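Contents: one structure, followed by commentary.
The values are calculated or read from the model by the stated rules, or taken from the named source; none is laboratory data. As the structure is a prediction and not an experimental result, all values here were calculated from the model. Every residue, glycine as well, gets a Cβ built from its backbone with ideal geometry; the counts of neighbours run over all protein chains shown. For accessibility, only protein heavy atoms count, side chains too; no ligands or nucleic acids. Shrake-Rupley method; radii C 1.70, N 1.55, O 1.52, S 1.80 Å.
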Amino acid sequence: MTDPNTLSPLDLDTPDKTFLDSNELVINMGPQHPATHGVLRVILRLDGEKVLGLECVIGYLHRGVEKIAEHRTYTMFNPYVDRMDYVAAVSNGLGYCEAVEKLLSVEAPPRAQYIRVILTELNRIASHQLWLGTHALDIGAITPLFYTFRDREEILKIFEKYCGARLTTHAFRIGGLQYEAYDGFEKEVKNFLTFFAPKIDEYEELLTTNRIWLERTKGVGKISGKDCIALGVTGPVLRASGVQWDIRKAQPYANYKNFDFKIPTGEHGDTYDRYLVRMAEMRQSCRIIEQAVAGIPEGPIMAKVPKVMKPPVGEVYHSIEAPKGELGYFIVSDGSTQPYRIRVRPPSFVNLQALDVMCRGQLVSDVIAVIGTLDIVLGEVDR
Amino acid sequence: MHELIDYIQSYLKSNLTPGAAGNIFWATVYILLVFVGLSIAVIAMNWLERKILAHMQVRLGPMRVGPHGLLQPIADAIKLLLKEDIIPAEADKFVFWIAPFIVVLAAFTVFVVVPFGPTHAITDMNIGILFMLGVSSLSVLGIVTAGWASNSHYPLIGALRSSAQMVSYEVAMGLAVVSVIMMTSLQTGTGTLSMIGIVQAQQTSGEWFIFKFFPLGLIGFFIFAIAMVAETNRAPFDLPEAESELTAGFHTEYSGFRWSLFFLAEYSAMIAVSSIAVTLWLGGWLRPFPNLLHGSTWDLVFSLVPGLTFLFFAAICFFNVVRMPKHPLFKIQTMGLAGFGAVLGLIGLVMFVPGVRDRVGDIFWFAAKVAGFMYLYIWYRGTFPRYRFDQLMKMGWKVLLPMGLALLILTAVVAMRADLWDQLRGVGHP
Amino acid sequence: MVAKFKREYGSGIEALTHLGQNYMVVDRSLIPEILQILHNEEQFDYCVDITAVHYPKREKQFDVVWVLYSFPRNERIRVKTLIADGETLPSSVPIWTTANWLEREVFDMFGIKFDGHPDLKRILLPDGWKGHPLRKDYGILQQDNEWVQINLGIESGQ
């Protein structure tokens, strides 16, 4: 495996040594390309089909979220975070709300915490489903996409019923929740769990032992646990490399310490292990939801939070385990109604940095597979 | 005038294909028939692929244009013809222009020797199978020129992949074909390369070559069946046009009518290689179970099947007419579907007429077998992920080629002592 | 740990806790050494984030913040230093590879240069862009009109 510390930046002017001294090919992949999951541009340097090096050009979706935050009040900024990782909007909202709550030194009431956990875990499943569908599509299996989207629909229906929105939900408020769970919420979530359990097996049936799938994913885009840590890669990618680390366990937030679940890990850190880890994570999320639904307490859903929020001067860093990895918010308050500075630590952005390490020496088709397996969302990379 | 009619009629009494009989009139008629039939088949295949794939993927597929989207391919064709035809500024204009024609030409010329029945072929060449393999491999030329002339990276890589892939799978394909040709030499001692001759050899030997020297025929068939998917660049070997990697591969820069030519060529190539497989292993136009269910009664029963099939499709149409929503908006659709069903039913009834029945039976069985292959193509596409290029080459050279060679040698050895082989299996040598 | 640092470096380090989160304010001159020690001896093997905050009214305009995490100790720490506009910092890419893009983003957004960075250029904004948007004196509707007109062929992006 290439050592990330010795990787030189991509130099397009001096050619590397190529096979048979042939000319190397520089290919510009994206920003409009079916497999780059949005507007990622990758400059590939190829020897035939072998990747000698690549460089990511990002920023096509840069909207200046951090700058906007400095001109909005704490409450007004809340919906904006949904637009970063738009396939896991609920997780983004959870991270932001908890960070501001920490700054205000309030805590959401238990009932709100439970509902938060249920929605966040549902969102994790939805995010992984979208990943699975698009990842399989990139590798050439077109059918799983439709299966996952069919089942993701059920989750989105629950979101829609709960807060009116399907994708950018804005489900949580600072201090708790705005909406009480609708009538039959628990029942619908339970129904979803019984509906969904056999569906995971269905996905696995299509892919897990499929010979072509195995050949395409085993040993592709390998990265060791040490490299992962050096590159700051988190989330399922880190866990697939054998590091058993999940912020939900390591530094529990919300009320994850009340739930019993496992952290699935892989051994080889290749694309196949990352696939297995995410599949197992969906199952674990189901377990968490099951426990949470069974244990929802009665009570208020909103803590006592002033109408006009003026957190005391200070700064706070709070991070959660988003479906893609560690999602952190660094908030600096100057005592006014608007945050002085909000820094978002996006998991996709940092994970994308590993693409170069994972792809060198592999083939063009593997670049596609690795982009898929990193599970990036360009809205979050570019913010 | 009288001579002309004589000239036309004289062929009908002969037992030859128009090409072999040297009858130019009937050859022209057959060429037109094959061309029109193939175009209809491609259009139907387009609709069927979208529908079947959609149903495999829990969605409906085209539903808007005509009842159940039946007119969708026609709407697509009109769209493609009306589309702006773009030639990139940096492209080599002449080569860019000629590439799709080479591909289409290669795909269509193959059908000159495809035998739809003992007399239903444009011509019968004594080197039929060689001609077929040779011409169908010409299409790689068109693909390479298309990729090169586009003067763009993705088409170039697609073209390179395509040429490497087609050339390497042709080797395995050829070996499998040679093993069949050996099997044809059993009765006559000389063997034949003629497509019609190969089917007749299966008829006289009493079993399709897929069951010959079990499992040798079967292995040869599987080698061919895998190689032919790679040869036509279809999933899971669709690397030259891997959508998620190379956007559209060699035809990325093509649009409108030129693109539709590639599309036409791809589907007719699929039909062409399927017809080779059917001719070589599945008994061509022969009806199923020729050795088990024989006698005039069974002949009659099997000759009724074509008409019954069409009646069955007509019944499906009428069933759906009844199920159509009773709403003024659906009136035209309902009527259209009923009309379509009526046409199918009429064709089915015509097929019961004894004269037609005898002439159409061969073509029907041939088409049905090819249709089975077409369904397999769609099924593969719905099920498998895509191979990577090195894995594809590994499979071609390290698995299929040695298997093909071993098969060739084994077949030769067994064919030399075919009498012993049959004794071993307890079958008397004919 | 903090006590040991204090003993060694004296007044250059100030260790604080806010809302249960530890951070230390380190003098600019001690930064390379402290980061190296944190990584090598104190096992802070994971650099979570590098970011900056702009205070235009101060003499030393920028806070640069490293958020570090230690897998073996399961502990987070923030290292903060104050630098003036135009002052540079040593790059931490040799210590944590992940700092590569994070430092590029800080450069892009604040114009803080990192010495020894392998490829310090803009990351989110296009290469020819003028100005560093997360500075407080950069207006929220401000843009590089010249760049927009040349590269996008439109009058204004707003």
Residues in region B:273-317 that are within 30 Å of B:Leu346 (Cβ to Cβ), of a type in the set (A, V, I, L, M, F, W, C) and either without any contact (Cβ under 8 Å) to a residue 12 or more places away in the chain or not in a loop (DSSP other than H, G, I, E, B) (or both) total 18
Going through region C:1-36 in order, the residues found to be β-branched (Val, Ile, Thr), modelled with pLDDT under 80 and surrounded by 15 or more Cβ atoms within 10 Å (Cβ to Cβ) are C:Ile13
- Taking the condition modelled with pLDDT of 80 or more and within 14 Å of chain A (Cβ to nearest Cβ), does B:Leu160 pass? yes
Note on A:Arg287: of the conditions (1) surrounded by fewer than 23 Cβ atoms within 10 Å (Cβ to Cβ); (2) farther than 25 Å from A:Ile58 by Cβ; (3) at pLDDT 85 or above; (4) touching a strand residue (DSSP E or B) at 6+ places or on another chain (Cβ under 9 Å), unmet is (4)
For region B:163-174 the number of residues that are surrounded by fewer than 23 Cβ atoms within 10 Å (Cβ to Cβ) and touching a Gly at 6+ places or on another chain (Cβ under 7 Å) is 1
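Does region A:292-302 contain at least one residue that is farther than 17 Å from A:His135 by Cβ, within 14 Å of chain C (Cβ to nearest Cβ), open to solvent by less than 60 Å² (accessible area, probe 1.4 Å) and over 17 Å from the mean Cα position of the chain (by Cα)? Give the derivation first.
Initial filter on region A:292-302 (farther than 17 Å from A:His135 by Cβ): A:292-302.
With within 14 Å of chain C (Cβ to nearest Cβ) added as a condition, the list becomes none.
For region A:292-302, residues farther than 17 Å from A:His135 by Cβ, within 14 Å of chain C (Cβ to nearest Cβ), open to solvent by less than 60 Å² (accessible area, probe 1.4 Å) and over 17 Å from the mean Cα position of the chain (by Cα): absent.
Among residues belonging to region A:71-86 that are assigned to a loop (DSSP other than H, G, I, E, B) and closer than 17 Å to A:Pro339 by Cα, point out the one that is least open to solvent (accessible area, probe 1.4 Å). Outline the logic, then answer.
Within region A:71-86, the subset assigned to a loop (DSSP other than H, G, I, E, B) is A:71-73, A:83-85.
Those left that are additionally closer than 17 Å to A:Pro339 by Cα: A:71-73.
On the way: A:His71: 76, A:Arg72: 64, A:Thr73: 37 Å².
Ranking the qualifying residues of region A:71-86, first place goes to A:Thr73.
Do the conditions hold for B:Thr297, that is, is it open to solvent by less than 40 Å² (accessible area, probe 1.4 Å) and among the hydroxyl-bearing types (Ser, Thr, Tyr)?
So B:Thr297 fails the test.
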When (1) within 22 Å of C:Val106 (Cα to Cα); (2) surrounded by fewer than 24 Cβ atoms within 10 Å (Cβ to Cβ); (3) not basic (Lys, Arg) are applied to A:Ile342, the one that fails is (2)
The condition of being crowded, with 24+ Cβ neighbours inside 10 Å and either within 14 Å of chain B (Cβ to nearest Cβ) or more than 21 Å from the chain's Cα centre (by Cα) (or both) holds, among A:Ala108, A:Ala126, A:Ala89, only for A:Ala108
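Can you confirm whether region C:137-154 contains a residue that is under 21 Å from A:Leu40 (Cβ atoms), at pLDDT below 85 and surrounded by fewer than 18 Cβ atoms within 10 Å (Cβ to Cβ)?
Of the residues in region C:137-154, the ones under 21 Å from A:Leu40 (Cβ atoms) are C:151-152.
Those still in the list that are at pLDDT below 85 too: C:151-152.
When the remaining residues are screened for being surrounded by fewer than 18 Cβ atoms within 10 Å (Cβ to Cβ), the result is C:151-152.
The answer is yes; a qualifying residue exists.
Can you tell which of A:Ser333, A:Ser348 is within 20 Å of C:Trp66 (Cα to Cα), within 11 Å of another protein chain (Cβ to nearest Cβ) and either open to solvent by 10 Å² or more (accessible area, probe 1.4 Å) or hydroxyl-bearing (Ser, Thr, Tyr) (or both)? Lay out the reasoning, then the answer.
Numbers: A:Ser348 fails: within 11 Å of another protein chain (Cβ to nearest Cβ).
Going through A:Ser333, A:Ser348 in turn, just one is within 20 Å of C:Trp66 (Cα to Cα), within 11 Å of another protein chain (Cβ to nearest Cβ) and either open to solvent by 10 Å² or more (accessible area, probe 1.4 Å) or hydroxyl-bearing (Ser, Thr, Tyr) (or both): A:Ser333.
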Given (1) outside any helix (DSSP H, G or I); (2) open to solvent by 10 Å² or more (accessible area, probe 1.4 Å); (3) touching a residue at least 12 places away in the same chain (Cβ under 8 Å), A:Val220 misses just (2)
When (1) open to solvent by less than 10 Å² (accessible area, probe 1.4 Å); (2) over 21 Å from A:Val243 (Cα atoms) are applied to C:Val48, the one that fails is (2)
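State whether the residues of region A:146-160 include one that is away from chain B (no Cβ under 14 Å) and closer than 26 Å to B:Ala248 by Cα. Give the derivation first.
Let us first name the residues in region A:146-160 that are away from chain B (no Cβ under 14 Å), namely A:155-160.
Narrowing the set further to residues that are closer than 26 Å to B:Ala248 by Cα leaves none.
No, every residue in region A:146-160 fails to be away from chain B (no Cβ under 14 Å) and closer than 26 Å to B:Ala248 by Cα.
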Per the list (1) open to solvent by 10 Å² or more (accessible area, probe 1.4 Å); (2) modelled with pLDDT under 80, residue check on B:Thr309 breaks on (2)
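Could you tell me how many of the residues in region C:56-92 are in contact with a His (Cβ under 7 Å, 6 or more places away or on another chain) and hydroxyl-bearing (Ser, Thr, Tyr)? Let's see the steps before the verdict.
First pass over region C:56-92, keeping only residues in contact with a His (Cβ under 7 Å, 6 or more places away or on another chain): C:61-62, C:91.
Still in the list and also hydroxyl-bearing (Ser, Thr, Tyr): C:91.
Residues in region C:56-92 being in contact with a His (Cβ under 7 Å, 6 or more places away or on another chain) and hydroxyl-bearing (Ser, Thr, Tyr): 1 in total.
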* To do: Kindly indicate whether A:Gly133 is under 20 Å from A:Val377 (Cα atoms) and of a type outside the set (S, T, N, Q).
  => yes
Every listed condition ((1) assigned to a loop (DSSP other than H, G, I, E, B); (2) modelled with pLDDT under 80) holds for B:Gly361 save (1)
Within region A:129-155, residues in contact (Cβ under 8 Å) with a residue 40 or more places away in the chain and closer than 16 Å to A:Tyr86 by Cβ come out as A:Gln129, A:Leu130, A:Trp131, A:Thr134
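Residue-by-condition table, conditions (1) within 14 Å of chain C (Cβ to nearest Cβ); (2) farther than 30 Å from A:Pro297 by Cα; (3) open to solvent by less than 20 Å² (accessible area, probe 1.4 Å):
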| site | (1), (2), (3) |
| --- | --- |
| A:Leu177 | no, no, yes |
| A:Glu204 | no, yes, no |
| A:Leu231 | yes, yes, yes |
| A:Thr234 | yes, yes, yes |
| A:Ser241 | yes, yes, yes |
Note: among A:Ile263, A:Ile320, just one is open to solvent by less than 30 Å² (accessible area, probe 1.4 Å), closer than 19 Å to A:Leu94 by Cα and at pLDDT 85 or above, namely A:Ile320
Residue count, region B:118-138, condition assigned to a helix (DSSP H, G or I), open to solvent by 20 Å² or more (accessible area, probe 1.4 Å) and in contact (Cβ under 8 Å) with a residue 40 or more places away in the chain, comes to 3
Conditions (1) in contact with a helix residue (DSSP H, G or I) (Cβ under 7 Å, 6 or more places away or on another chain); (2) open to solvent by 10 Å² or more (accessible area, probe 1.4 Å); (3) part of a loop (DSSP other than H, G, I, E, B) -> A:His268 fails only (1)
Counting only residues in region B:378-430 that are at pLDDT below 80 and of a type in the set (D, E, K, R), the one surrounded by the fewest Cβ atoms within 10 Å (Cβ to Cβ) is identified as B:Arg425
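Go over the candidates B:Ala230, B:Ala235, B:Ala225, B:Ala201 one by one and state the one that is free of Cβ contacts under 8 Å to residues at least 24 places away in the same chain and under 22 Å from the mean Cα position of the chain (by Cα). Walk me through how you get there before you give the answer.
Numbers: B:Ala230 fails: free of Cβ contacts under 8 Å to residues at least 24 places away in the same chain; B:Ala235 fails: free of Cβ contacts under 8 Å to residues at least 24 places away in the same chain; B:Ala225 fails: free of Cβ contacts under 8 Å to residues at least 24 places away in the same chain.
Of B:Ala230, B:Ala235, B:Ala225, B:Ala201, the one residue that is free of Cβ contacts under 8 Å to residues at least 24 places away in the same chain and under 22 Å from the mean Cα position of the chain (by Cα) is B:Ala201.
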So, first residue more than 12 Å from A:Ala292 (Cα to Cα) in region A:176-192, second residue of a type in the set (Asp, Glu), Cβ within less than 6 Å, six or more apart or across chains; the pairs are A:Phe192/A:Glu154
(1) in a helix (DSSP H, G or I); (2) buried (at least 19 other Cβ atoms within 10 Å of the Cβ) all hold for B:Val95 apart from (2)
With the first residue restricted to region B:353-373 and required to be assigned by TED's automatic domain parsing to the domain that holds B:Gly284, and the second required to be surrounded by fewer than 17 Cβ atoms within 10 Å (Cβ to Cβ) and modelled with pLDDT of 80 or more, Cβ contacts under 7 Å at 6 or more apart or on different chains are B:Val356/B:Val350
